[in-house]
Every structure is written in structure tokens, then in C-alpha cells.
Amino acid sequence: TTGRGMDAGNLRILPLNTEKEVYAMTRLECTVASCVHNSEKCCCKQGILVEGVNARESCDTCCGSFEENRGGLFKNLFKTPETRLQVDCDVLNCLYNDDHQCRAERISILGDGARAVGQTECGSFRER
């Protein structure tokens, strides 16, 4: 354990900010270029939801916030790509899930070419 968080393999678990009772923001890299919220491998939403209540592997998870950019015509002109954001997590069996909040220092959302939520996944899932 370090003063900045617990080491869990190649990712650190972020500590709870006890003063404000909020979690540190997670660094997100998103390779789902077909998502309307993706810009420069970042997400333009303030937060995302990772789903997969009974997941045992990464492929059992998905980004519940995914929305297909049909035809690739939509360009997000009003939102700024966020490198750090709130990640809500319904994956009960993930090492980084703490009361439905992701505490991994960074995560990657995978699913290049995805056309549906189920074709995305949290590449940082680690079974407890």
C-alpha cells in the first residue's frame, strides 16, 4: 500500500476523499470510436456507467453509456472531451467496484466498431 492508493496488479485503487465523501475521478481511455460521446479517445460525458452485474471476465461487462454515432456524422461541438470522469459501476464482482463507484486509477473501454452496448467492454475489469 502506498500513500496514494493500494496497488492491484498494474492499476492503483484510488482512496476515498474523506473530506468531501467523493471518489477521485478515474482516468478513462475509450477506443470505441463509433460512440457519439467519443472524441480523441476521451468521453464527452461527465460520467459513464459500466454494466455487468454478474461479470466474470471483461467480455461480460459493457459501457451502458454507449450510443452509436450512426454514419459517423455527429461531431460533438459543445462538450469538451474529459480525460477524467465519474465512473459508476454495476459490476459487483470487480476488484475496483466500491459501492457502485469505480476506484481504479484508470480504465479503458474497448469495442472499436461497436454498434450496440453489448459490443463494448471494460478492459480494466479484474475479478475479486
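Taken over segment 82-128, the criterion of being surrounded by fewer than 19 Cβ atoms within 10 Å (Cβ to Cβ), in contact with a Lys or Arg (Cβ under 8 Å, 6 or more places away or on another chain) and in a loop (DSSP other than H, G, I, E, B) is satisfied by 83, 93, 95. With respect to the conditions (1) within 23 Å of residue 128 (Cα to Cα); (2) among the hydroxyl-bearing types (Ser, Thr, Tyr); (3) modelled with pLDDT under 95, residue 58 lacks only one, and its number is (3).
Can you name the residue in segment 36-48 that is farther than 17 Å from residue 88 by Cβ and of a type outside the set (Gly, Ala, Ser) and, of all such residues, is surrounded by the fewest Cβ atoms within 10 Å (Cβ to Cβ)?
Here is the first cut: in segment 36-48, the residues farther than 17 Å from residue 88 by Cβ are 36, 38-42.
With the extra rule that they be of a type outside the set (Gly, Ala, Ser), the set shrinks to 36, 38, 40-42.
Working: 36: 18, 38: 21, 40: 10, 41: 15, 42: 18.
Per the stated criteria, the residue is 40.
The values are calculated or read from the model by the stated rules, or taken from the named source; none is laboratory data. These numbers come from a predicted model, not from an experiment. Note: ideal-geometry Cβ built from the backbone for every residue, glycine included; neighbour counts use all protein chains shown.
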